[in-house]
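Asker: Mind having a look at this structure? Questions to follow.
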Amino acid sequence: MDSSADMIGLVDRASMRFVDVNSTMCRLLGYSREELLTMPLDQLLPQSISELEAAYDKQIANPTVPGGLNSHYLCKDGSRLPFESKRQVMRVGERWVISVVSRDIRERIKAEEELRSTVSLLTATLESTADGILVVAADKRISRFNQRFVDMWRIPQNVIEARDDTLAISFVLDQVTDPQGFIAKIEELYSRPLDESFDTIEFKDGRTFERYSRPQLVAGVPSGRVWSFRDVTERRRAEERIHILAFQDALTELPNRVLFRDRMEQAMAHADRAGNKAAVLFLDLDNFKSINDSLGHVAGDALLKMAAERIRSSIRETDTLSRQGGDEFLIMLTEVPMADAVTPVVEKLVSQFQSPFEIEGRELTTTVSIGIALYPDDGEDFDTLLKKADTAMYRAKDEGRNAYRFFDAHMNVEAVEYLNLRNGLQSAVRRGEFVLFFQPQIDLSRGKMVGAEALLRWNHPQEGIVLPERFITIAEESGLIVPIGEWVLLEACRQAARWRRSGHANLSVGVNLSAVQFRRGGLEKAVRAALDDSGIDPAMLELEITESMLIEGTQDNLETVKRLKHLGVKLSIDDFGSGYSSLSYLRRFEVDKLKIDQSFIRDIGSDPDDAAIVRSIVQMAHSLELRTVAEGVDAASLVHRLRECGCDEAQGYYFGEPVPAARLFAAC
């Protein structure tokens, strides 16, 4: 017994005294063993002998049922020692002996008191926030309120000063969209004074409040009710806008690629059941870039909207039109009996663009190039069909534009060029032909460089510097992106270490990750190796991933992201807003930054819709405690508007083009 940290005593039922105790009980109570063995129990406990006898007898009658007691011992120095105990009864010869094991709970009580104090402090802090607070007593009199409540509900001074809850309710009823439901919830809570409640209130003028109610308790007894109101109108609007972006193109309001994929997969399943075909049309506006560059983005956007309307008028309601991005559109044709049935549709589409568009008093002419892939002839999944339709579209462009082409096997001769590039990439990995350029990232509030994005370049022995647009896709398809990506991580971290040694300790470095690096595995090991090799603080490494890598990734991919976060590195979402824009993964994966897609940035000075989207993204990010980075900033006017929107950081040619590390500080 003496080895136990708990107090143990054996009580003889007949004499109601201890017959043995352990050293822990002696030490904690301050008595010697001899003193405890001769002392009546009611001198140690607040319970009387008769109360203890009754408790012991009850347990003796049911010896298999353990007993217990929460009470306190009276120590020799006069203090009280609170305890919780467990009792068991034993038959020893002709006697009943009760084994009492008591645990000192002073530390637990102290912790509980500290917790209650902390909760009280947090509650007081919450009630002093900018939320509207109203306290109503049990007699329906208003006992307390803050000015924020009066302002939110627009209650006249004479009404609030009357302190009559019924009068205040009658005044605000005309403001809400569901007055009956509003009253019903109040009456329900007043009839159940201990209940808590949370709901939302919609107003006729478009506002939305969150309403939280809990009982006001005095000594555990309800004495009234506390109401808290939070105006979440702007947050709701931002969330609704982000939700729309998840499935809809912001400019044309057409389905985006996510929704198009879903509909195409449904169409393929229907074609299988019906025994017919489906078609994917990849449509690109010819010479759109020259129009956009010469007349500006406003005219370019107007042309895209008008082009979308012409395309929509040329297809059936059962077909789907989607904007892929830029000047590219996707069209899904369903219930296609044979390939020849597509020809009249695409000929109509081509003819629709023979007449000019009138924009800002000008007549603008653009034609279309269309590539066609058929299901199941050209592919049995969406990605294959999209790729082949894209290939056919580029063939139409190569052969003069203003035309359409069906995909055919001869187009695969382009695989020769693919093979040459792939072989060249393999040599580049062996020969160390890759280099990193860096583009500065600027803190907009301070105007200082806080980081740089590492951008891969191929120093080709014949062609010179080759941009990644030409070789990244091939590197991913061939798997070479894995060793290339490992080199990028190592070199970027080493460069960050060089900056630290030269006095730029707080300069972070951003590295783009590929979905292939996730699928192949080993990414976490590569990041660890780069950090260990360079010795930099993990927080100075920022890994950039796309929304699709989280949304469409396997569970293994998602677990990899979590483990990377546990290393201490930062995580940013690249091109945010161009795809899924889901709120759920931002919370799940502890994202640190959102890099707003440049398609929303370039026109924020002239397009109210783009400005509203950027503002919504910034507000949403800040509500989740995320920083925002604007991409593609190429003018001072954009910097001014981004600061107005509350954007944190920016990068683009206005601050500096991508350059070798040695020229980075001179460039910005």
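Asker: Take the solvent-accessible surface of the protein heavy atoms, probe 1.4 Å, and return the percent of it on the chain that carbon and sulfur atoms account for. Can you show the working numbers first?
Answerer: Numbers: 16340 of 33010 Å².
After summing per-atom areas, the C and S share lands at 50 percent.
Asker: Sticking with this one: Please identify the trypsin sites (Lys or Arg not before Pro) of segment 89-181 that satisfy two criteria: DSSP loop assignment and at most 16 other Cβ atoms within 10 Å. Which are they? Write out the running numbers ahead of the final one.
Answerer: Working: sites: Arg91, Arg95, Arg103, Arg106, Arg108, Lys110, Arg116, Lys140, Arg141, Arg144, Arg148, Arg154, Arg163; in loops: Lys140, Arg154, Arg163.
Answer in residue order: Lys140, Arg154, Arg163.
Asker: If you count the DSSP beta bridges with both ends in the chain, what percent of them are antiparallel, to the nearest 5? Write down the numbers at each step before the final one.
Answerer: Details: 96 of 122 bridges.
Approximately 80 percent, going by the DSSP bridge assignments.
Asker: Here's something else I'd like to know. As an exercise, identify the trypsin sites (Lys or Arg not before Pro) in segment 180-252 lying in DSSP coil whose Cβ has no more than 13 other Cβ atoms within 10 Å.
Answerer: On the way: sites: Lys185, Lys204, Arg207, Arg211, Arg225, Arg230, Arg235, Arg236, Arg237, Arg241; in loops: Lys204, Arg207.
Here the trypsin sites (Lys or Arg not before Pro) that fit, given the DSSP loop and packing criteria, are Lys204.
Asker: Cβ neighbours within 10 Å, averaged per peptide: list 190-202, 644-656 in order, most packed at the top.
Answerer: Numbers: 190-202: 13.0, 644-656: 20.0.
Highest-to-lowest ranking by the protection proxy: 644-656, 190-202.
Asker: When the dipole is taken about the Cα centre of segment 423-480, and only Lys, Arg (+1) and Asp, Glu (-1) are charged at their Cβ, what size is it in debye, to the nearest 20? Don't skip to the end; give the middle numbers.
Answerer: Working: 6 positive and 7 negative charges, 49 e Å.
Rounded to the nearest 20 debye, it is 240 debye.
Asker: Given 10 °C and 1.306 mPa s, compute D for segment 236-280 with the Stokes-Einstein relation, Rh being the Kirkwood radius over Cα pairs; round to the nearest whole µm²/s. List each step's numbers first, then the result.
Answerer: On the way: Rh = 12.0 Å.
Value of D from the Cα-based Kirkwood radius: 132 µm²/s.
Asker: Moving to a separate point now. Quick one: order Val19, Val159 from most to least accessible surface, probe 1.4 Å. Show your work: numbers first, answer last.
Answerer: Working: Val19 60, Val159 15 Å².
Highest to lowest solvent-accessible surface, that is Val19, Val159.
Asker: For segment 34-101, with the dipole built from +1 on Lys and Arg beta-carbon atoms and -1 on Asp and Glu ones, taken about the Cα centre, which of His72, Met90, Leu41 lies farthest toward the positive end?
Answerer: Met90
Asker: Per residue, how big is the convex hull around the C-alpha atoms of the chain? Give it to me in cubic angstrom, could you? All intermediate terms of the calculation are to be shown ahead of the outcome.
Answerer: Details: hull volume 199.8 nm³, N = 668.
So the per-residue hull volume is 299 Å³.
Asker: How many angstrom lie between the Cα centre of segment 642-668 and the Cα centre of segment 342-396?
Answerer: 37 Å
Asker: For Thr343, tell me the accessible area in Å² from a 1.4 Å probe, rounded to the nearest 10.
Answerer: 30 Å²
Asker: Same structure again: Taking R0 as 45 Å, what's the FRET efficiency between Lys397 and Ala662 from their Cβ-Cβ distance, rounded to 0.05?
Answerer: Numbers: r = 39 Å, r/R0 = 0.88.
That gives a FRET efficiency of 0.70.
Asker: Under 8 Å for C-alpha pairs, at least 6 residues apart: give me the relative contact order for the chain, rounded to a whole percent.
Answerer: Working: 1132 pairs, mean separation 51.1, N = 668.
That works out to 8 percent.
Asker: Rounded, prolate or oblate: pick one for segment 269-361, where a ≥ b ≥ c are the square roots of the eigenvalues of its C-alpha gyration tensor, a/c under 1.5 means rounded, and failing that, prolate if a/b is larger than b/c, else oblate. Each step should come with its number before you reach the end.
Answerer: Values: a/c = 2.92, a/b = 2.35, b/c = 1.24.
Taking the square roots of the gyration eigenvalues as a ≥ b ≥ c, segment 269-361 is prolate.
Asker: Among Leu245, Ile370, Ala630, whose Cα sits farthest toward the positive end of the charge dipole of the chain (+1 at Cβ of Lys/Arg, -1 at Cβ of Asp/Glu, about the Cα centre)?
Answerer: Of the listed residues, the answer is Ala630.
Asker: Go through segment 447-542 and name the GluC sites (Glu not before Pro) that are in a DSSP coil and have 12 or fewer other Cβ atoms within 10 Å of their Cβ.
Answerer: Glu463
Asker: So if I take the centroid of the Cα atoms in segment 33-109 and the same for segment 218-238, what is the distance between those two points in Å?
Answerer: 47 Å
Asker: Hey, another quick one. At 1.4 Å probe size, with every protein chain present, just tell me what the per residue accessible area of the chain comes to in Å².
Answerer: On the way: 33010 Å² over 668 residues.
I get 49 Å² per residue for this part.
Asker: Specify which residue in the list Met549, His460, Ala307 is farthest towards the positive end of the charge dipole of the chain, using unit charges on the beta carbon of Lys, Arg (+1) and Asp, Glu (-1), about the Cα centre.
Answerer: Positive-most Cα among the choices belongs to Met549.
Asker: Rounded, prolate or oblate: which one fits segment 462-592, using the alpha carbon gyration tensor with axes a ≥ b ≥ c (rounded when a/c is under 1.5, else prolate when a/b beats b/c, else oblate)? Walk me through the numbers on the way to the answer.
Answerer: On the way: a/c = 1.59, a/b = 1.12, b/c = 1.43.
Oblate shape, in that a/c is at least 1.5 and b/c is the bigger or equal ratio.
Asker: Classify segment 187-302 from the C-alpha gyration tensor, please: rounded if a/c falls under 1.5, else prolate or oblate depending on whether a/b exceeds b/c.
Answerer: On the way: a/c = 5.77, a/b = 2.12, b/c = 2.72.
The shape class here is oblate.
The values are calculated or read from the model by the stated rules, or taken from the named source; none is laboratory data. Just so it is clear, the structure is predicted and the values come from calculations on it, not from any experiment. Here the Cβ is made from the backbone with ideal geometry for all residues, glycine too, and neighbour counts use every protein chain on show. Note: areas computed on protein heavy atoms with side chains; ligands, DNA, RNA excluded. Shrake-Rupley method; radii C 1.70, N 1.55, O 1.52, S 1.80 Å.
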